[in-house]
Amino acid sequence: MELIIVVAILGIISTIGIAVLDPLTQIQKANDTRVKSDLSQIQKALEQYYEDNGKYPSIYSATDFRVKAADGSVVGWGGPWHPYMNIVPKSPYSSSNYVYYSPENGQAYYLYANLVRKTDPNLCNKDGSKCSKIGTQDFPG
């Protein structure tokens, strides 16, 4: 009888512990933190590019929002961008990519990423809805 009571108490404590920790939310929070860190690294590389070239890199195309390197090559997410980054970070979410956009004059840029947690203060739209525009371009998916 005592063993049944101990097992029941441990079960109740385990259930409360799982409910309090909420592992899914913790994983989402960790991934969103990684996204923010990735964007910070990309921002530093973009600022170094600006120092070297007097403007931010252009985009590859209006439908493929990736960086176009000074030599005309495409800088892919998860690929190298020498000398600015050994590996350009890639979104941890398989259903989305990071998005880079710079107007033609190269004097500004936009860097977007999807965050899973809709309560994050850094969301594009505070109501949690999808960003619909990048500068004057429609936001891809």
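Read-outs throughout are calculated quantities, based only on the coordinates presented, and are distinct from any laboratory measurement. Computed from a prediction, not measured in an experiment: that's the story for all the values here. Positions of Cβ are generated from backbone atoms using ideal geometry, with glycine treated the same way; all protein chains shown enter the neighbour counts.
What the table below lists for this structure:
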quantity: Helix-derived mean residue ellipticity, 222 nm - over the chain, DSSP H n ≥ 4, -39500 (n - 2.57), to 500; calculated: -13000 deg cm²/dmol
quantity: Debye, to nearest 20: dipole size of the stretch 2-138, +1 on Lys, Arg Cβ, -1 on Asp, Glu Cβ; calculated: 160 debye
quantity: Label of the coordinate-derived value, Cα extents along the principal axes in Å, listed as [x] 77, 33, 22; [y] 57, 31, 25; [z] 71, 27, 24; calculated: [x]
quantity: Principal-axis tilt of helix 2-21 within the chain, Cα atoms, nearest 10 degrees; calculated: 20 degrees
quantity: LYS36-ILE13 FRET efficiency (beta carbon distance; Förster radius 35 Å; 0.05 resolution); calculated: 0.55
quantity: Ranking of VAL116, VAL20 by count of other Cβ atoms within 10 Å, fewest first; calculated: VAL20, VAL116
quantity: Ranked ILE5, ILE27, ILE59, criterion: other C-beta atoms within 10 Å, fewest first; calculated: ILE5, ILE27, ILE59
quantity: Angle in degrees between helix 23-53 and the longest Cα principal axis of the chain, rounded to the nearest 10; calculated: 20 degrees
quantity: Cross-link pairs beyond the 25 Å C-alpha cut-off, checked among LYS36/LYS68; LYS55/LYS118; LYS55/LYS90; calculated: LYS55/LYS118
quantity: Cα-centre dipole for the stretch 1-58 with unit charges at Cβ (Lys and Arg positive, Asp and Glu negative), debye to 20; calculated: 80 debye
quantity: Estimated inter-spin distance, GLN26 and LEU123, nm [label 7 Å along Cα→Cβ]; calculated: 2.4 nm
quantity: Gaussian network model of the chain, springs between alpha carbon atoms under 10 Å - residue of LEU46, LEU21, LEU115 with greatest fluctuation; calculated: LEU21
